[in-house]
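Chemist: Got a structure for you, questions after.
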Amino acid sequence: MEFKDKVAVITGGASGIGRSVAMALAKEGADIVIADMNDSRLEEARQQIQDTGRRVLTVHCDVSNYADVEKLAAQTIATMGKADILMNNAGVVVRGWLENLSMADWEWAIGINLLGVIRGVQAFLPYMLKQGSGYIINTASGAGFLITDPKNISYSTCKFGVVGLSEGLFAYLRPKGIMVSVLCPAEVRTNLISNSRYVGTEDEIKEMRQMGKMAYEIPREGLMEPDELAQKVIEAMKQKRFIISTHEQLKDILMNQGLDIQKLEKHFQDTYK
Ligand SMILES: NC(=O)c1ccc[n+]([C@@H]2O[C@H](COP(=O)([O-])OP(=O)(O)OC[C@H]3O[C@@H](n4cnc5c(N)ncnc54)[C@H](O)[C@@H]3O)[C@@H](O)[C@H]2O)c1
C-alpha cells in the first residue's frame, strides 16, 4: 500500500492514536480529513498537519449522529475528491460495576464505539464501492479479544463487536478490492481516560480516575507512545495486515488463552482473496 496522494479520513483524529496516525499518514504523503467533536484539538491538529505541506480538512463530527457522518463523507468527496482510507477510530470508555451502569451509559458507549464504526462504513462504503478501491481500518482494542477488567464490560462488548464487524467486512469487501484492518492495541498514552465516563460512588469514581491516569497518562514502561503506535500502524497497512496487533505482550496473553493471532491472520489472508 502506497500513501502518496491518498485521502485519509480519521474519526477521533484530533487526539491520541487518531492524531498520531493522521500525522504519520501525512508524512507518508497522504491528504488528511480529521473528524472530531473537540474543536480546540481539531484546530491544533489542523495546524500540525498543515505544517507537513499536505492538504487538510477538519470537520466537527459526532460519530453517534448519522447525519454528521453522512455530511463528513459528502464534505470529504466535495473538498478532497475521493476517500481512499477511512479510519473509524473515535472511542470512549464507560467504567464502573455492571449494576451501576444505566441504559444511557450503555447506549452512549455502543453509540460511539460500535455504531460509530458502523456509521462510518455505511456512509463511506458507497463511494469506495464506486471507486472500486479503498481501505477501512477500524480501531478496536485488545479488549476486543478478552475481558481485561469487569468494570470495562461495556467497552469490551463494543470492541468485541468491532472485531466481529471487521472480520465480516474483510471477508466481504476484500474480494471487491477494499482492504479492511482491525487495530487492536493494548495500553497507549492518550487522553482516553480524561474523555471517559465513570459510574459508581464518589470514592469509586475518584479511585477509577486516579488508576486510569496512572495507567494511561503518566509515561511508564509498557505504556506505548501514540507516535510509536502510529508507525506500527503504517507498517502494518503497507503489508495489508488484517489484525494489527501492536503490543507483543498482548499476543502472548492471547496465545496463553488459546488464541493465536498469527494463525487467525493467516486463515483470513488465505481464505478471502
Ligand atoms: N489509549 C489506549 O490505550 C487504547 C487502547 C486500545 C484501543 N484504544 C482505542 O483507540 C481509539 C482512540 O482513542 P485514544 O486512546 O486515542 O483516546 P483519545 O481520547 O486521545 O482520542 C479519542 C478521540 O475521539 C474523539 N471522540 C470521542 N467521542 C467522539 C464522537 N462521538 N464523535 C467524534 N469524535 C469523538 C475525542 O474527542 C478524541 O479526540 C478509541 O477507539 C479507543 O477505544 C485506545
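No value in this document is a laboratory result; all are computed from the given coordinates. Predicted, not measured: the structure shown is a model, and the values here were computed from it. With ideal geometry, Cβ positions are generated from the backbone for all residues, glycine too; neighbour counts draw on all protein chains shown.
Chemist: Quick check: pseudo-label points 7 Å beyond the Cα along Cα→Cβ at Q257 and K238, how many nm apart are they?
Modeler: Result for the modelled spin labels: 3.1 nm.
Chemist: Per residue, what volume in Å³ does the Cα convex hull of the stretch 7-268 take up? Present the calculation step by step, with values, prior to reporting the outcome.
Modeler: Numbers: hull volume 31.9 nm³, N = 262.
Taking only Cα atoms, the stretch 7-268 has a hull volume of 122 Å³ per residue.
Chemist: Please give me the summed charge of the neighbours of G132: other residues whose Cβ is under 14 Å from its Cβ, Lys and Arg +1, Asp and Glu -1. Show your work: numbers first, answer last.
Modeler: Values: positive: K82, K130, R174, K176; negative: D84.
Net charge in that neighbourhood comes out at +3.
Chemist: List, in the order given, every pair from K6/K232; K176/K232; K176/K240; K82/K266 whose Cα-Cα distance in the structure shown is over 24 Å.
Modeler: Checking Cα-Cα distances, K176/K232; K82/K266 exceed 24 Å.
Chemist: Right, another one. Taking R0 as 51 Å, what FRET efficiency do you get between E221 and A74 from their Cβ-Cβ distance, rounded to the nearest 0.05? Don't skip to the end; give the middle numbers.
Modeler: On the way: r = 45 Å, r/R0 = 0.88.
Efficiency, rounded to the nearest 0.05: 0.70.
Chemist: Let me ask something else. Quick check for you: which residues of the stretch 213-256 have the amide N under 19 Å from the point 7 Å beyond the Cα of E2 toward its beta carbon?
Modeler: It comes to 234-241, nothing else.
Chemist: Another question, if that's okay. Compute the helix-to-body angle for 226-238: its Cα long axis versus the longest principal axis of the chain, expressed 0 to 90° and rounded to tens.
Modeler: Long axis of 226-238 versus the principal axis of the chain: about 50 degrees.
Chemist: In addition: Check cross-link reach from K4 to the aspartates and glutamates: straight Cα distance under 13 Å, and skip same-chain residues fewer than eight apart.
Modeler: Here the aspartates and glutamates satisfying the reach criterion relative to K4 are E28, D31, D84.
Chemist: OK, next. Hey, got a sec? Which trypsin sites (Lys or Arg not before Pro) in the stretch 191-258 land in a DSSP loop and have at most 16 other Cβ atoms within 10 Å? List each step's numbers first, then the result.
Modeler: Working: sites: R197, K206, R209, K213, R220, K232, K238, K240, R241, K251; in loops: R220, K240, R241.
Here the sparse-neighbourhood loop sites are R220, K240.
Chemist: A further question follows. Which one of I77, M103, T58 is farthest out on the positive end of the charge dipole of the stretch 30-122, using unit charges on Cβ (Lys, Arg +1; Asp, Glu -1) and the Cα centre as origin?
Modeler: I77
Chemist: About its Cα centre, how strong a charge dipole does the chain have in debye, to the nearest 20, once Lys and Arg get +1 and Asp and Glu get -1 at the Cβ? Don't jump to the answer; show the numbers that get you there.
Modeler: Working: 31 positive and 34 negative charges, 195 e Å.
Computed about the Cα centre, the dipole is about 940 debye.
Chemist: Enter the angle in degrees (range 0 to 90, nearest 10) between the Cα long axis of helix 103-113 and the first principal axis of the Cα atoms of the chain, meaning the one along which they spread out most.
Modeler: Relative to the chain, helix 103-113 is tipped by roughly 30 degrees.
Chemist: At what distance in nm do the modelled label points of Q210 and K273 sit from each other, each positioned 7 Å from its Cα along Cα→Cβ?
Modeler: Result for the modelled spin labels: 5.8 nm.
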